[in-house]
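Written out below as structure tokens is the structure these notes cover.
The values are calculated or read from the model by the stated rules, or taken from the named source; none is laboratory data. As the structure is a prediction and not an experimental result, all values here were calculated from the model. Every residue, glycine as well, gets a Cβ built from its backbone with ideal geometry; the counts of neighbours run over all protein chains shown.
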Amino acid sequence: MSLLQVKNVSKYFGSLVAVNDISMTVEPGELRAIIGPNGAGKTTFFNLITGFFTPSAGRIFFDGQDVTDLLPARRVWCGMARTFQVTEVFPELTVRENLRIPVEVASGFRLRAWLSQADDEKIRSRVSELIEMGGLTVKADRQVGELSHGDQRATEIMMALALRPRLLLLDEPTAGMGDQETYDITQLIRRLHKDNKLTIVLIEHDMRVVFHLADRIMVLDQGKFLAEGTPEEIAANKAVQTAYLGQAA
Amino acid sequence: MGALGINKNTANLAVWLLLLTLPFWLPAIGGYIELGERVIVLGLAAMSLNFLLGYTGVLSFGHAAYFGLGAYGAGMTIRYLVPSTGLGILVGTLVGTIAGALIGPLIVRLRGVYFAMVTIAFGQVFYFIAFRWNSVTGGDDGLTGWTRMPLNFGFTTIDILHNPRAFYYLILVIFAIAVGVMAWLLRSPFGRTLLAIRENERRARFLGVPVDQHIWMSWVISCCFVSLAGALYALLNNFVDPRALYWTQSGDFVIMAVLGGMRSFWGPLIGAAIFVVLQDYLSSQTENWMSFVGLFFVLVVLFFPRGILGAIRRRVAS
């Protein structure tokens with residue numbers, strides 16, 4: 001069964017149609033990229049999937065369950081985790097504390113006033129594991145707000161992973177990054193996809209990243225569906241070329 | 001990290017030592033025990049407010065409502081029902097907590113200034129009830145005709161009415177328990193979700209924290225301890241009047257928290273100490289004492305935006 005099924009969703013803001021009748025199906029283990037020129041509705045589409053907005057029309061199914069009307073936190077409990085286009089972390093807390101919070105939530109401890117020694121050990125080791133995976137070991141006890149943009153992005157991705165999601169949604173993971181940072185993040189996403197068999201949907205501007213990572217690509221333009229296919233098919237697609245060239249001209 | 005940990009322990013030790021020995025040194029430097037009692041009771045109220053303000057990031061401008069409900073709950077229990085100090089404290093705390101729990105769902109969806117405004121509005125409702133309902137609350141004259149009763153433990157009785165030290169230590173024990181519970185909660189997984197909400201509500205929500213529910217819980221905990229402080233305040237004065245419920249009282253709590261430093265655990269207590277001592281000293285000099293407190297507050301906010309304790313901590317850290 002498909003992990004994520006989006007059926008004909010639309011989102012209107014007054015008279016503005018931000019997302020117009022878009023459908024998408026993501027299979028388990030797939031890495032799907034969503035691309036499109038600025039204002040194509042990519043982030044709005046993401047926000048509909050994760051519950052930031054409720055769609056004006058259409059339904060969203062996650063693992064067969066209709067999640068259209070669920071609050072964001074409940075969708076997280078179902079197994080969706082996301083990052084944001086503009087990094088969203090807890091700036092005055094350390095990397096370790098930033099990661100500890102989602103690990104505790106994912107362990108079902110969010111209402112606990114008390115942890116046993118054993119639970120505490122388990123959480124600490126999971127946090128250390130994530131810190132290492134994100135390449136953040138030497139910065140683990142620094143406030144996230146003081147770290148470089150790239151490290152903040154990495155922290156945010158690890159926070160999403162801390163939830164042990166079945167679907168990871170990344171909104172422009174390499175936005176505002178230098179070449180080395182972009183490379184590091186790309187390798188991280190690749191490892192998550194290949195080694196951990198994680199299903200990932202990502203929005204991305206950097207075409208090198210998209211074509212390097214994606215199994216399938218969906219193209220949006222002005223809130224509408226434009227094309228979908230493998231990276232080769234998309235690269236050869238006339239309509240896609242026009243949309244991008246038209247924007248550049 | 002290690003050095004900071006030691007500093008924290010030293011600070012805790014210093015605070016407790018000062019509080020434990022207060023009845024012995026305060027009179028020596030020109031104070032009196034009741035002043036210390038006021039600092040602890042109002043400090044508890046400000047620390048309760050700060051559980052919500054400093055550690056959840058939600059500003060309530062109506063905490064006097066629950067403070068006053070605690071005070072009236074305690075006073076009216078002793079006056080009308082059972083002349084028992086313990087029961088008075090219990091009923092006062094319960095009344096304030098239940099009121100907070102019921103009002104909570106109506107306001108936890110609001111944010112920022114809207115939350116603050118609606119908490120004021122609810123607070124004023126209780127103020128007018130206390131003000132108008134003369135036959136029960138004593139109206140503007142306040143609830144009189146009762147005093148705190150001796151504590152009866154069966155095998156022994158402690159006269160907290162005539163023995164100021166006994167009453168001081170009773171208050172200190174209750175304060176220690178309340179503050180201990182708050183500190184413990186803040187270091188728990190639940191407490192960390194509150195920090196998460198303060199730091200970045202959107203991120204918290206998308207990490208699976210049902211933010212409104214957690215704010216409600218933080219609000220109820222905060223209301224519980226502020227009404228406990230209110231109950232103690234009534235016992236301290238042997239009297240309650242509607243000003244304990246008035247919105248300016250809520251403002252005083254916010255001033256205490258911000259003055260001392262709302263990102264530090266002990267900050268609001270320091271703020272309360274400064275506030276109470278300033279009030280005590282200035283009000284004997286001038287009727288316009290509040291102007292001076294206000295001026296002092298403005299200066300602190302301008303030059304030490306993290307409060308007195310925040311500024312000290314920064315100096316120690318650098």
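Of all residues in region B:132-143, those that are surrounded by fewer than 18 Cβ atoms within 10 Å (Cβ to Cβ) and in a helix (DSSP H, G or I) total 7. Taking the numbered list (1) on the phi < 0 side of the Ramachandran plot; (2) without any contact (Cβ under 8 Å) to a residue 40 or more places away in the chain in turn, B:PRO164 passes all entries but (2).
What do you reckon, is B:VAL181 closer than 30 Å to A:PHE90 by Cβ and buried (at least 21 other Cβ atoms within 10 Å of the Cβ)? No, not satisfied. Considering region A:120-130, and only residues there that are acidic (Asp, Glu) and more than 13 Å from chain B (Cβ to nearest Cβ), the residue that is farthest from A:ALA154 (Cα to Cα) turns out to be A:GLU121.
Could you say whether any residue in region A:208-223 is polar (S, T, N, Q) and crowded, with 19+ Cβ neighbours inside 10 Å? Looking for residues that are polar (S, T, N, Q) and crowded, with 19+ Cβ neighbours inside 10 Å, one finds none in region A:208-223, hence no. Yes or no: B:ILE33 buried (at least 24 other Cβ atoms within 10 Å of the Cβ) and either more than 14 Å from chain A (Cβ to nearest Cβ) or without any contact (Cβ under 8 Å) to a residue 60 or more places away in the chain (or both)? Judged against the criteria, B:ILE33 is not a match. Of all residues in region A:187-196, which are in contact (Cβ under 8 Å) with a residue 24 or more places away in the chain and either more than 28 Å from B:ALA204 (Cβ to Cβ) or surrounded by 21 or more Cβ atoms within 10 Å (Cβ to Cβ) (or both)? Scanning region A:187-196 gives a single hit, A:ILE189. Can we say B:SER60 is outside any helix (DSSP H, G or I) and at negative phi? Yes, satisfied.
Filtered by the rule that a residue be outside any helix (DSSP H, G or I) and in contact with a helix residue (DSSP H, G or I) (Cβ under 6 Å, 6 or more places away or on another chain), region B:152-194 gives B:ILE158, B:ILE160. Here the helices (runs of 4 or more DSSP H) wholly within region B:201-318 that include at least 1 residues being over 30 Å from B:PRO83 (Cβ atoms) and at pLDDT 95 or above are B:201-205, B:211-237, B:247-260, B:267-285. For region A:148-167, the candidate set comprises residues that are among the aliphatic types (A, V, I, L, M) and within 12 Å of chain B (Cβ to nearest Cβ); within that set, the residue that is surrounded by the most Cβ atoms within 10 Å (Cβ to Cβ) is A:MET159.
Annotation note: of B:THR85, B:THR77, the sole residue that is closer than 22 Å to B:PHE167 by Cβ, modelled with pLDDT under 95 and more than 18 Å from the chain's Cα centre (by Cα) is B:THR85.
Criterion applied to B:VAL136, B:VAL113, B:VAL118, B:VAL82 was being aliphatic (A, V, I, L, M) and touching a residue at least 60 places away in the same chain (Cβ under 8 Å), and the one residue passing it is B:VAL136.
Taken together, B:LEU170, B:LEU228, B:LEU161, B:LEU235 contain a single residue that is surrounded by fewer than 18 Cβ atoms within 10 Å (Cβ to Cβ) and away from chain A (no Cβ under 14 Å), which is B:LEU161. Within region A:131-147, being more than 13 Å from chain B (Cβ to nearest Cβ) and either under 16 Å from A:LEU198 (Cα atoms) or among the aliphatic types (A, V, I, L, M) (or both) holds for A:ILE131, A:MET133, A:GLY134, A:LEU136, A:VAL138, A:LEU147. Every test in (1) over 13 Å from the mean Cα position of the chain (by Cα); (2) surrounded by 24 or more Cβ atoms within 10 Å (Cβ to Cβ) is passed by B:ASN7 save one, and that test is (2).
Among residues of region B:143-175 being of a type outside the set (Val, Ile, Thr) and touching a Phe, Trp or Tyr at 6+ places or on another chain (Cβ under 8 Å), the one that is modelled with the lowest pLDDT is B:LEU161.
When B:TRP146 is tested against (1) of a type in the set (A, V, I, L, M, F, W, C); (2) more than 10 Å from chain A (Cβ to nearest Cβ); (3) surrounded by fewer than 20 Cβ atoms within 10 Å (Cβ to Cβ), just one condition goes unmet, and that condition is (3). If you go through region A:54-67 one residue at a time, how many are surrounded by 18 or more Cβ atoms within 10 Å (Cβ to Cβ) and out of contact with any Ser or Thr (no Cβ under 6 Å at 6 or more places or on another chain)? Residues that pass the stated criteria total 3. The criterion of at least 2 residues that are under 17 Å from the mean Cα position of the chain (by Cα) is met by the following strands (runs of 3 or more DSSP E) wholly inside region A:141-249: A:167-171, A:199-203, A:216-221.
Among the residues making up region A:79-100, those that are part of a helix (DSSP H, G or I) and in contact (Cβ under 8 Å) with a residue 40 or more places away in the chain are A:VAL95, A:ARG96, A:ASN98, A:LEU99.
Scanning region A:102-119 for residues that are more than 8 Å from chain B (Cβ to nearest Cβ) and exposed (fewer than 14 other Cβ atoms within 10 Å of the Cβ) turns up A:GLY108, A:SER116, A:GLN117, A:ALA118. Residues in region B:187-210 that are surrounded by fewer than 17 Cβ atoms within 10 Å (Cβ to Cβ) and more than 9 Å from chain A (Cβ to nearest Cβ): 1 in all.
A quick yes/no check of all residues on (1) facing chain B (nearest Cβ under 10 Å); (2) surrounded by 22 or more Cβ atoms within 10 Å (Cβ to Cβ); (3) farther than 19 Å from A:LEU192 by Cβ:
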{"position": "A:GLU27", "(1), (2), (3)": "no, no, no"}
{"position": "A:THR43", "(1), (2), (3)": "no, no, yes"}
{"position": "A:LEU48", "(1), (2), (3)": "no, yes, yes"}
{"position": "A:GLU92", "(1), (2), (3)": "yes, no, yes"}
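Within region A:32-40, can one find any residue that is assigned to a helix (DSSP H, G or I), closer than 18 Å to A:LEU226 by Cβ and away from chain B (no Cβ under 11 Å)? The answer is no; no qualifying residue exists. Residues considered: A:ASP21, A:ASP69. Of these, the only one that is acidic (Asp, Glu) and either touching a Cys at 6+ places or on another chain (Cβ under 8 Å) or over 22 Å from B:VAL211 (Cα atoms) (or both) is A:ASP21. Restricting attention to region A:8-36, the residues that are among the acidic types (Asp, Glu) and either under 15 Å from the mean Cα position of the chain (by Cα) or closer than 20 Å to A:LEU167 by Cβ (or both) total 2.
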